[in-house]
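Report on the following structure.
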Amino acid sequence: MSKGFKFSVIVPIYNMEPYLLKCISSIINQTFKNIEVILVNDASEDNSKTICENFQKKDKRIILINKKNNQGLVAARKTGLNNASGQYILNVDGDDWLHLNYLKVMSSLIEEKNVQAIFPAHIREFFGKEDVVKNKLPRGFYNRKQIENKILPNMLSYK
C-alpha cells in the first residue's frame, strides 16, 4: 500500500475523440486508486469535450479544464501541472493508454527506491505493430541534483 502519496495524471487533449474512451478508462481503472486525472481540453473541435464531461460526471477524481483557444501540447501540459495537487506527475497523451497495474508498479518503485522521478519506457502501437520506446537517459536512479543538472535541461520547453 502507498504511503499516502497521490499521482496527478495530466492528459492534454486536442481532437482525440477516437482514443479518449480507452485512454481515460485505462487511467480511472488503475489498481492504484489515489489519483487525480486532469483533462486539459485544448479547444477541441470534435466531441472530445463531451466525452470528458461524461467521464467527469461519473468520477470525482477527474478535473476538466476547457481552454477557449488552442495553445498547443506544451501549454496544455503546463496548465495541467499548474492545477496538479499530487506529489507525482504523470503525463499521458490523449491517444495513449495505461496497463491496469501501471501506477501500482510506479508506486512500488517510488516506495522501494525512494525516488523523485521515474522515466519508464513505453510501448508504441502503430497499425497493429508494437515497439518499445526507451528513454535516452541511462537506466538508473537519479538524486535531485542529477535531475536538475542532467534531466531537466534536456526536457522540451523546460524553464
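The values are calculated or read from the model by the stated rules, or taken from the named source; none is laboratory data. Fair warning: this is a prediction, and the values are worked out from it, not measured in the lab. Virtual Cβ from ideal backbone geometry, glycine too; neighbours counted across all protein chains shown. Remember, those area values only see protein heavy atoms, side chains included, never the ligands or the DNA or RNA. Shrake-Rupley method; radii C 1.70, N 1.55, O 1.52, S 1.80 Å.
Quick notes on this structure:
- Its Cα centre serving as origin, the chain has a Cβ charge dipole (Lys and Arg +1, Asp and Glu -1) of approximately 640 debye.
- On the chain, 51 percent of the accessible area sits on carbon and sulfur atoms, based on a 1.4 Å probe.
- The chain, relative contact order in percent, only Cα pairs under 8 angstrom and at least six apart counted: 27
- The helix-only estimate of mean residue ellipticity at 222 nm for the chain, built from DSSP H runs of length n ≥ 4 each weighted as -39500 (n - 2.57), is -8500 deg cm²/dmol after division by the residue total.
- Estimated from the Cβ-Cβ distance and a Förster radius of 22 angstrom, the FRET efficiency linking N15 and N82 is about 0.45.
- Per residue, in Å², the accessible surface of the chain once ligands and nucleic acids are set aside, probe 1.4 Å: 67
- A value for Rg and Dmax of the Cα atoms in Å was derived from the coordinates, and within the list (i) 17.4, 54; (ii) 16.8, 54; (iii) 15.9, 44 it appears as (iii).
- For the cross-link pairs K104/K134; K68/K150; K49/K134, the ones whose C-alpha atoms lie over 24 Å apart are K68/K150; K49/K134.
- Whether the stretch 6-47 is rounded, prolate or oblate, judged on the alpha carbon gyration tensor where a/c under 1.5 counts as rounded: oblate
- The stretch 1-54-the stretch 55-97 distance, computed between alpha-carbon centres (Å): 7
- Residue pairs, from the table K22/K57; K33/K60; K33/K78; K33/K67, whose Cα atoms sit over 19 Å apart: K33/K78; K33/K67
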